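All remarks here apply to the structure that follows.
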Amino acid sequence: MLMLTPVVTVSYEAKRAFLCLSILEFVVGILANAFIFLVNFRDVVRRQPLSNCDLVLLSLSLTRLSLHVLLFLYAIQLTHFQQMKDPLSVSYQTIVMLWMVANQAGLWFATCLSLLYCSKIVRFSRAFLLCLAKWVSRKMPQMLLGTTLFTTVCTVICSWDYFSSSHFTGTAMLFMNNDTEFHLQIKNLGFFHSFLFCSLGSVPPFLCFAVSSGVLIVSLGQHMRTMRAKTRDSHDPSLEAHVKALKSLVSFLCLYVVSLCAALLSMPLLILWHNKIGVMICVGIMAACPSGHAAIVISGNAKLRAAVDAILLWARTRLTVGAEHQADPLVPDRC
């Protein structure tokens, strides 16, 4: 087995740097995802119809907001309350399990977005695939509802496994009341088992996401070969839609894999090797990934970019008027 040097305690400077980084990631993630949520929720308030893409982004941003809140609580729990030599507290375990559930919900919503891109962009030739693409476009609200119900079922199953595992480890500890270190290992390994069991719920949406992204890549390759054979015109709206969709999906896939690997690595670092600095690095990576994808989504969505341009224009106007008013107090405020 790979042996790492236990880092049970860390310096005050390291804790402070990690907490500052966590606050920065929390603020950036909350602002980016709250912006996506509010731009789309404004249309709901105004009773304007939401497109399927906007509906998925609304759901995904709400999940990401929950993720950032949980990760910030995770960082506070890690720096101020959880000690490496102590058993994992109930609040610590609850935060980790809720993060896993919210992360799976976000993966399901991203899978719905990937399927929607496939149904809108890919030109299917087979009748079955064409009917399936039309069905996805029509049934996207029902798919989002089904995703929510599936996530709820996964939450119930994970909770049942977690509490049954806790009951088993508690029963086992009654018969071994002398070895405190062995008690701690049994309890932590029971939580590690529950974490891995809940991670299995990410397999179905991940496979669907990978398949739909692969279909987009194959469709993009076919479309580029067709363009080279027929025309030399570089401006093609269909090609641009392909590239934008793939940029969003591939970035999400890479960031999700990095985040999940960091989460999985943090468990043995915490439970087996008691390396607190390693856990802090993993938590920082887990918080940076959703923020990065939110920025990519904003840059690639025309509606969100228009909202950003409107905010920047309003800010420039306010600054210009404020400067003119300071230079000449008699100038009326035009805003």
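Listed conditions (1) free of Cβ contacts under 8 Å to residues at least 40 places away in the same chain; (2) more than 13 Å from the chain's Cα centre (by Cα); (3) open to solvent by less than 50 Å² (accessible area, probe 1.4 Å) are all met by L65, apart from (2). Going by the conditions given, is A34 under 17 Å from the mean Cα position of the chain (by Cα), over 30 Å from S194 (Cα atoms) and in a helix (DSSP H, G or I)? Answer is yes for this residue. Residue-level check: of (1) touching a Ser or Thr at 6+ places or on another chain (Cβ under 9 Å); (2) crowded, with 18+ Cβ neighbours inside 10 Å, I271 misses just (1).
The single condition among (1) within 28 Å of A102 (Cα to Cα); (2) at pLDDT below 80 that V211 does not meet is (2). Checking the stated criteria, I36 turns out not to satisfy the condition of being more than 30 Å from N188 (Cα to Cα) and either free of Cβ contacts under 8 Å to residues at least 40 places away in the same chain or touching a strand residue (DSSP E or B) at 6+ places or on another chain (Cβ under 6 Å) (or both). Checking each residue of segment 1-12 against the condition of being modelled with pLDDT of 95 or more and either closer than 24 Å to P268 by Cα or in contact with a His (Cβ under 9 Å, 6 or more places away or on another chain) (or both) gives no match.
Within segment 215-226, residues that are among the acidic types (D, E) reach no partner that is in a helix (DSSP H, G or I) with beta carbons closer than 7 Å at six or more positions or on different chains.
Taking the criterion of being farther than 23 Å from V153 by Cβ, surrounded by fewer than 18 Cβ atoms within 10 Å (Cβ to Cβ) and among the β-branched types (V, I, T), the residues of segment 70-106 that qualify are I76, V90. Of the set (1) assigned to a helix (DSSP H, G or I); (2) within 25 Å of M97 (Cα to Cα); (3) not aliphatic (A, V, I, L, M), all apply to D86 but (1).
Remark: pairs (first residue in segment 113-127, farther than 14 Å from L249 by Cα; second residue of a type in the set (D, E, K, R); Cβ separation under 6 Å; 6+ apart in sequence or on different chains) are absent.
So, D43, is that one in contact (Cβ under 8 Å) with a residue 60 or more places away in the chain and acidic (D, E) or not?
no
Scanning segment 203-214 for residues that are touching a residue at least 12 places away in the same chain (Cβ under 8 Å) and surrounded by fewer than 18 Cβ atoms within 10 Å (Cβ to Cβ) yields C208, A210. Inspect all residues belonging to segment 319-330 and state whether any of them is open to solvent by 70 Å² or more (accessible area, probe 1.4 Å) and not in a helix (DSSP H, G or I). Looking for residues that are open to solvent by 70 Å² or more (accessible area, probe 1.4 Å) and not in a helix (DSSP H, G or I), one finds at least one in segment 319-330, hence yes.
The values are calculated or read from the model by the stated rules, or taken from the named source; none is laboratory data. The shown structure was predicted, so the numbers you read here are calculated from the model rather than taken from an experiment. With ideal geometry, Cβ positions are generated from the backbone for all residues, glycine too; neighbour counts draw on all protein chains shown. What goes into the accessible areas is simple: the full protein's heavy atoms, side chains included, and nothing from ligands, DNA or RNA. Shrake-Rupley method; radii C 1.70, N 1.55, O 1.52, S 1.80 Å.
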